[in-house]
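Trainee: Got a structure for you, written out below as structure tokens; questions coming shortly.
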Amino acid sequence: MDEDPDDSAKSQVLNNYPILKDIINKCDLPTIASLQKVNRRFREVIGIVNPKFTIHSIAIHIGSKEINLDIYKNQDEQIFPTGSLLNISYQKNGENCCIETLDRDVRNIGRRMEDVFSRDLVSILNFQKFPLESLSILDTSAKGSGFPLSFLNVVRFILEEMRWQNRIIKTKELQFTSMTGLGIGSFCKCIAPRILKKYTFINYGPSCANVADFEGMEMQAEKLVEYEQSGVGTLGNVSKISHLKRASLEVERMGHEKLVQLKHEFLRLGPPKDFKILVKHLQPPGNSLGPIFGDKTSGMSWFYRTNFNGKVLRIHISNSEEGSVVEFNFVTILDVTIGAMVQVELLPTEDDK
């Protein structure tokens with residue numbers, strides 16, 4: 001039987017590397033993601049050409065029966081309802097996965113949903129030209145036995161795929177929203193520590209998390225510049241967060257010994273520091289910080305001279321509807337409130353050791 005002219009033409013195109021290369025170089029990211037699923041030949045050529053795209057941010061939502069993946073090209077796509085560059089919804093279909101994209105392209109794939117999602121995510125990261133500005137993960141998967149999906153299980157598939165493709169996620173900011181925080185330490189094993197500068201943890205569950213505990217992500221925590229935590233938790237070892245330049249925390253209780261520890265840490269490390277801690281139940285500091293300037297109504301302040309180019313450490317406590325707001329920052333001597341005492345409590349700095 002004679003060969004179909006159409007099949008012959010397709011074969012010539014698929015076996016012509018220069019033509020395929022030219023096609024691939026003219027495609028955007030969504031098109032490349034689709035071409036990868038056409039056949040093995042396209043995947044091979046895409047791997048050789050290795051096109052790169054600017055990906056601003058990635059948002060992942062993990063529910064009990066589905067996963068949503070959004071890829072954004074710029075910040076405006078997140079702020080305004082213009083839609084993401086690429087959106088894929090992975091839905092559980094028995095033991096298999098049903099995928100739906102923005103253009104309503106629905107496909108059933110004979111593999112587990114976690115597996116399909118993980119492969120797609122790592123594959124898209126292969127086209128990353130620069131580090132992401134942010135990676136956000138929202139975990140609303142149900143907890144307990146009998147539920148079809150959990151963040152911990154998804155993480156297992158992601159780590160396995162990362163190791164298989166020898167990839168690591170490069171992002172400047174990581175935001176994780178969860179009821180418990182379980183799994184984030186394991187997930188951070190695939191986050192490049194020297195690139196990650198800001199970590200945000202939003203806990204919408206009961207008060208239980210240690211806000212100063214970076215278990216499983218110690219390497220990433222050492223290089224962090226900023227940390228934001230929302231959802232009341234407990235405050236553990238303050239030395240684990242004192243290296244940060246900026247922090248915003250919410251804690252259930254805080255004793256005066258934690259205030260003193262943070263004061264000593266900041267006097268030792270020096271500026272810049274901008275810490276704000278919302279405390280539901282704050283133990284009165286008494287004389288632990290020295291003479292008080294102000295009162296509970298107007299706010300209480302303390303000032304300390306430092307060894308850092310005339311900078312003054314300022315501690316301020318004010319009241320709010322949610323509790324007490326404790327602030328630590330460095331100011332100049334000109335910023336010290338008139339009439340306030342600047343205490344002298346110089347400690348050995350990092351340079352003195």
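Trainee: Report, in debye and to the nearest 20, how large the dipole of region 190-251 comes out about its Cα centre when Lys and Arg carry +1 and Asp and Glu carry -1 on their Cβ. Walk me through the numbers before you get to the answer.
Mentor: On the way: 7 positive and 7 negative charges, 63 e Å.
The calculated dipole for region 190-251 is roughly 300 debye.
Trainee: Further question: Quote to one decimal, in nm, the extra length available between residue 264 and residue 222 on full extension: 0.36 nm per residue of separation minus the C-alpha distance between them.
Mentor: Working: separation 42, 0.36 × 42 = 15.12 nm, distance 1.91 nm.
Contour length minus the Cα-Cα distance gives 13.2 nm.
Trainee: Additional query: Working only with C-alpha atoms, what are the Rg and Dmax values of region 55-344, expressed in angstrom?
Mentor: 22.4, 74
Trainee: Which shape class, rounded, prolate or oblate, goes with region 140-282 when its Cα gyration tensor gives a ≥ b ≥ c as root eigenvalues, a/c under 1.5 marks rounded, and past that a/b bigger than b/c marks prolate?
Mentor: On the way: a/c = 2.81, a/b = 1.43, b/c = 1.97.
It is oblate, given that a/c is not under 1.5 and a/b is not larger than b/c.
Trainee: Pull out the extension gain between residue 331 and residue 274, defined as 0.36 nm times the separation in residues minus the alpha carbon to alpha carbon distance; nm, one decimal. Each step should come with its number before you reach the end.
Mentor: On the way: separation 57, 0.36 × 57 = 20.52 nm, distance 1.03 nm.
That works out to 19.5 nm of additional length.
Trainee: Using the Karplus curve 6.51 cos²θ - 1.76 cosθ + 1.60 with θ = phi - 60°, what ³J(HN,Hα) values do you get for each residue of region 308-323, in whole Hz, with x for Gly and Pro?
Mentor: So the Karplus estimates, Gly and Pro as x, are 10, 6, x, 5, 10, 7, 10, 10, 9, 10, 10, 9, 9, 4, 8, x Hz.
Trainee: Students often get this wrong: which residues of region 34-58 have the backbone nitrogen under 18 Å from the point 7 angstrom along Cα-to-C-beta of residue 192?
Mentor: Backbone N within reach: 50-58.
Trainee: So, one more: How charged is the neighbourhood of residue 290? Take every other residue with its Cβ under 14 Å from the Cβ of residue 290, and add Lys/Arg as +1 and Asp/Glu as -1.
Mentor: Values: positive: 263, 305, 314; negative: 345.
Combined, the nearby Lys, Arg, Asp and Glu give +2.
Each reported figure results from applying straightforward, stated rules to the coordinates on display, with no laboratory input. All of these numbers come straight from a predicted model, not from anything done at the bench. Note that each Cβ is placed from the backbone with ideal geometry, even for glycine, and that neighbours are counted across all protein chains shown.
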